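Structure first, then comments.
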Amino acid sequence: QVQLVESGGGLVQPGGSLRLSCLASGNIFRIYAMGWYRQAPGKQRELVAAVTTGGSTNYADSVKGRFTVSRDNARNTVYLQMNSLKPEDTAVYYCNTFPTRRFDWGQGTQVTVSS
């Protein structure tokens, strides 16, 4: 069973930046498209960004132009660079396969945007 471990979250002021990482155990990571998802308090989990095995990307409208998703197959890691952060980006961020979740959710990483 693949395990997903997210890291890189924290408290940041509006306009700041963070870089999230998701490390996947096992060697099958490279055959799946991967997505970053987030869940804010009282809201459903939503897709933020996704990257295919070939490196093509797509983004939720709310983060276009501010977030960049990428992957390093050699390191079994997917990244999310988040710039120009807004208070509404506050959430727990998770990674998993895209578009269908294939693995158990990891613990996520908390991102809090506040002054």
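The values are calculated or read from the model by the stated rules, or taken from the named source; none is laboratory data. From a predicted model like this one, the values you see are computed outputs, not experimental measurements. Please note: Cβ atoms are built from the backbone with ideal geometry, for glycine as well, and neighbour counts cover all protein chains shown. Calculation scope for accessible area: heavy atoms of the full protein, side chains included, ligands and nucleic acids excluded. Shrake-Rupley method; radii C 1.70, N 1.55, O 1.52, S 1.80 Å.
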Quick check on my filter: what residues within the stretch 19-57 are exposed (fewer than 15 other Cβ atoms within 10 Å of the Cβ) and within 12 Å of the chain's Cα centre (by Cα)? R19, E46
Under 9 Å by Cβ, and 6 or more places apart or on different chains, what pairs join a residue from the stretch 93-110 that is in contact (Cβ under 8 Å) with a residue 24 or more places away in the chain with one that is open to solvent by 10 Å² or more (accessible area, probe 1.4 Å) and of a type in the set (K, R)? Y93/R38; Y94/R38; Y94/R45; N96/R102; W105/R45; G108/R38
Quick check on the stretch 74-82. Is at least one of its residues of a type in the set (G, A, S), open to solvent by 70 Å² or more (accessible area, probe 1.4 Å), under 16 Å from V111 (Cα atoms) and free of Cβ contacts under 8 Å to residues at least 12 places away in the same chain? no
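Taking the stretch 54-87, which residues are among the aliphatic types (A, V, I, L, M), under 18 Å from A40 (Cα atoms) and outside any strand (DSSP E or B)?
The answer is A60, V63, L85.
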Which one of S62, S115 is small (G, A, S), over 14 Å from V2 (Cβ atoms), touching a residue at least 12 places away in the same chain (Cβ under 8 Å) and open to solvent by less than 70 Å² (accessible area, probe 1.4 Å)? S62
Conditions first: (1) touching a Gly at 6+ places or on another chain (Cβ under 7 Å); (2) surrounded by 18 or more Cβ atoms within 10 Å (Cβ to Cβ); (3) in a strand (DSSP E or B). Q110 passes all but one, so which condition is the exception? (2)
Among the residues of the stretch 42-70, how many are in contact with a strand residue (DSSP E or B) (Cβ under 8 Å, 6 or more places away or on another chain) and modelled with pLDDT under 95? 1
